[in-house]
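The structure appears below as structure tokens.
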Amino acid sequence: MASELPNRFLTPEDLVEMFELPSVETVYQWRRKRTGPRSFRVGRHLRFDPTDVRAWVDSQMGEAA
């Protein structure tokens, strides 16, 4: 993942591309299991704050160490 995240809310498709995930279903599974980055809905659309995504990545790296 690039060190610079976009200056906008991210979509599930953005996460698929950034993390090279198999599909958006992985992102939705993370949400259901509460294991992925914090997310919120705008109407019916799921969005992620880049700050929350970065914090989640940092926490994952800390757990792996």
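The values are calculated or read from the model by the stated rules, or taken from the named source; none is laboratory data. Predicted, not measured: the structure shown is a model, and the values here were computed from it. When we count neighbours, we look across all protein chains shown, and the Cβ atoms used for this are built from the backbone with ideal geometry, even at glycine. Heads up: the accessible areas ignore ligands, DNA and RNA and are worked out on the full protein's heavy atoms, side chains in. Shrake-Rupley method; radii C 1.70, N 1.55, O 1.52, S 1.80 Å.
Here the accessible area of the chain is 50 percent carbon and sulfur, with a 1.4 angstrom probe and all protein chains present. Restriction of the GluC sites (Glu not before Pro) in segment 2-50 to DSSP coil positions whose beta-carbon has at most 12 other beta-carbons within 10 angstrom yields 4, 20.
Is the shape of segment 15-65 rounded, prolate or oblate, going by the alpha carbon gyration tensor and its root eigenvalues a ≥ b ≥ c, with a/c under 1.5 for rounded and a/b larger than b/c for prolate? Prolate, since a/c reaches 1.5 and a/b exceeds b/c.
Probing with 1.4 Å while keeping every protein chain in the model, the per residue accessible area of the chain equals 73 Å². When the trypsin sites (Lys or Arg not before Pro) in the chain are filtered for DSSP coil states and for at most 13 other beta-carbon atoms within 10 Å of their beta-carbon, the remaining sites are 8, 34, 38, 44.
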